[in-house]
């Protein structure tokens, strides 16, 4: 039974099956995008984007406060998470060639894989329980910042690793102190990778729902105070997804469309930006190779 | 291929500013670590009242009753394991197929963009998966998939009841979709790490593409692929929103996939708003159980993936 024809048929079947797997996996993605755009688009209007949620589904209601809430949450989370993540990445890449560095990296990798609801519980334990802040914008931003830190520190570390050692050696040989070398030479050279990581982490936290449910809670008012509950796009979707009211359900789809536009545009934008960079990098590399051939 | 880089060494004399910078950065790097593990400890303290009251029996308690204040975690541990198991069962074969296609079969110009599109699945927020599952996946499963399975597996305990769609089956399917990007991309990376000499050896013996993949690639990368599956399991265990929106929320143990259920994370998401006192403490204890399970699973996965990815240098740079 092990003839060549039989083996060739099996080969064809297997190749076809692998391709089928790819197609099956892409169906949900395309279907989700199609459905969110098709169902959410009729909801979008100027009033929908700028008015606040009342919660009754009446006319003139919008998701303005949820958009503002998500922006504020992401802003404060970035304010806390980005510097910490960045400096952690710098430590691991530039000073972390020892046991402490490995330990920091190891625990950051673990933190990156914590279930997001557990991060919500951690932020609750800190802000709501220990600091007695209550459900608030601050608690929500802390939760999102904890999610952001390991992502930023990992991508920063990777980006700084790509910076060639010759640059470090060059700067040091000129008598530049080490800390200045790190900040003015290495960080500047690895900047595109660092920015990429920061943007991707923003896209990731913008869509997080479970931690916000436990920390920022929800508000149907315009609130920008750090100590009060705040609305957000993901929670608007979660509150309305099962609503018997058609208008509220429509609100959920509209919010989903806005949210997915934010998240996907960051992801795709970063991707396009990166491709240009690699092309440029390749050009530079080839140019250098030619130079070195001559000498 | 990255060439190993030389390590620069220092004469030991460094200025005060240098030392200040190094220790400052180190302090910040360590602060997250201390904060996070301190908070885990704080969670354990918050869970203390529940632990004092129910003891180790909390894990095997089958009741969750806020009126009588008797709480047990078994229905939710059960729900988590059953839905995650289903997700692995459906998601892993698909992911391996995708990884094989991307790593072995796809023409080079397709490989990159297609990998990106598959990874986009991971970028979609989980609450949007839940919304979509509610209005697109659920009707499809209730009308077509579940009756199909009931027609020939209806005699098993797994498919007893009515096809409604708000149940563990739908939750398992949505979880399967959500773990695909993780499992597929990590498997693909481990397959790419298989040396070409393995493939060439198999091909030179006259093996077909399929046989080469099976003999040279899959068996070589199997510990990495296994690790990828465990990593996917970790994802599935902790996933909250999409499951909360599709599982039907019933605090009971039932083997039937067609019955509604509850996972550890969906219970926390559902009960958080009104929980107080001992119930809140019990919820935090459930969170702690989830945390420990996810931690063990992740450590195990890292061990498996790490074994094959050793070839790729993880250290090296820096001064």
Residue among B:238, B:248, B:206, B:234 that alone is within 10 Å of another protein chain (Cβ to nearest Cβ) and at positive phi: B:206
Those residues that are surrounded by fewer than 18 Cβ atoms within 10 Å (Cβ to Cβ) and within 30 Å of residue B:170 (Cβ to Cβ), I need them from region B:185-244; list them, please. none
Here is a check on your reading of the model: is residue A:232 buried (at least 17 other Cβ atoms within 10 Å of the Cβ), closer than 17 Å to residue A:71 by Cβ and away from chain B (no Cβ under 11 Å)? no
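Within region A:75-104, can you find the residues that are out of contact with any helix residue (DSSP H, G or I) (no Cβ under 9 Å at 6 or more places or on another chain) and either more than 7 Å from chain B (Cβ to nearest Cβ) or part of a helix (DSSP H, G or I) (or both)? Please lay out each step first, then the result.
So in region A:75-104, the residues out of contact with any helix residue (DSSP H, G or I) (no Cβ under 9 Å at 6 or more places or on another chain) come out as A:97-99.
Result: A:98, A:99.
Please indicate, with yes or no, whether at least one residue in region A:117-135 is free of Cβ contacts under 8 Å to residues at least 12 places away in the same chain, assigned to a loop (DSSP other than H, G, I, E, B) and more than 7 Å from chain B (Cβ to nearest Cβ).
First, pick out the residues of region A:117-135 that are free of Cβ contacts under 8 Å to residues at least 12 places away in the same chain: A:118, A:125, A:129-132.
Now restrict to residues that are assigned to a loop (DSSP other than H, G, I, E, B): A:131-132.
Subset that is more than 7 Å from chain B (Cβ to nearest Cβ): A:131-132.
Yes, the conditions are met somewhere in region A:117-135.
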Please find, within region B:302-319, the residue that is modelled with the highest pLDDT out of those that are in a helix (DSSP H, G or I) and surrounded by 15 or more Cβ atoms within 10 Å (Cβ to Cβ). B:302
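Sort out which residues of region A:176-229 are more than 13 Å from chain B (Cβ to nearest Cβ) and outside any loop (DSSP other than H, G, I, E, B), and write them in order of number. Spell out the reasoning first.
In the first step, residues of region A:176-229 are kept if they are more than 13 Å from chain B (Cβ to nearest Cβ); the result is A:188, A:191-192, A:194-198, A:219-228.
Correct list: A:188, A:191, A:192, A:194, A:195, A:196, A:197, A:198.
Is it fair to say residue A:213 is modelled with pLDDT of 90 or more, surrounded by fewer than 18 Cβ atoms within 10 Å (Cβ to Cβ) and out of contact with any strand residue (DSSP E or B) (no Cβ under 9 Å at 6 or more places or on another chain)?
Values: modelled with pLDDT of 90 or more: yes; surrounded by fewer than 18 Cβ atoms within 10 Å (Cβ to Cβ): no; out of contact with any strand residue (DSSP E or B) (no Cβ under 9 Å at 6 or more places or on another chain): yes.
In short, no.
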Just one of the numbered conditions (1) within 30 Å of residue B:281 (Cα to Cα); (2) surrounded by fewer than 17 Cβ atoms within 10 Å (Cβ to Cβ); (3) within 14 Å of chain A (Cβ to nearest Cβ) is not true of residue B:84; which one? (2)
Exactly one of B:102, B:120, B:94 is within 17 Å of residue B:189 (Cα to Cα), assigned to a helix (DSSP H, G or I), facing another protein chain (nearest Cβ under 9 Å) and modelled with pLDDT of 95 or more, and that one is B:94
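Does residue A:49 count as under 19 Å from the mean Cα position of the chain (by Cα), farther than 26 Å from residue B:30 by Cβ and not in a loop (DSSP other than H, G, I, E, B)? Talk me through it step by step, then tell me what you get.
Numbers: under 19 Å from the mean Cα position of the chain (by Cα): no; farther than 26 Å from residue B:30 by Cβ: yes; not in a loop (DSSP other than H, G, I, E, B): yes.
It is false that residue A:49 is under 19 Å from the mean Cα position of the chain (by Cα), farther than 26 Å from residue B:30 by Cβ and not in a loop (DSSP other than H, G, I, E, B).
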In region A:164-192, how many residues are surrounded by fewer than 21 Cβ atoms within 10 Å (Cβ to Cβ) and under 28 Å from residue A:111 (Cα atoms)? 7
If a residue has to be part of a helix (DSSP H, G or I) and either in contact with a strand residue (DSSP E or B) (Cβ under 6 Å, 6 or more places away or on another chain) or without any contact (Cβ under 8 Å) to a residue 60 or more places away in the chain (or both) to count, how many in region B:30-80 make the cut? 17
Test each condition in (1) at pLDDT below 90; (2) within 25 Å of the chain's Cα centre (by Cα); (3) surrounded by fewer than 16 Cβ atoms within 10 Å (Cβ to Cβ) for residue B:57 and report the one that comes out false. (2)
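Condition first: under 20 Å from residue A:75 (Cβ atoms) and in contact (Cβ under 8 Å) with a residue 40 or more places away in the chain. Can you find one or more residues in region A:102-114 that meet it?
Going through region A:102-114, the residues under 20 Å from residue A:75 (Cβ atoms) turn out to be none.
No: zero hits.
The values are calculated or read from the model by the stated rules, or taken from the named source; none is laboratory data. Just so it is clear, the structure is predicted and the values come from calculations on it, not from any experiment. Don't worry about glycine lacking a Cβ; one is built from the backbone with ideal geometry, like all the others, and counts go over all protein chains shown.
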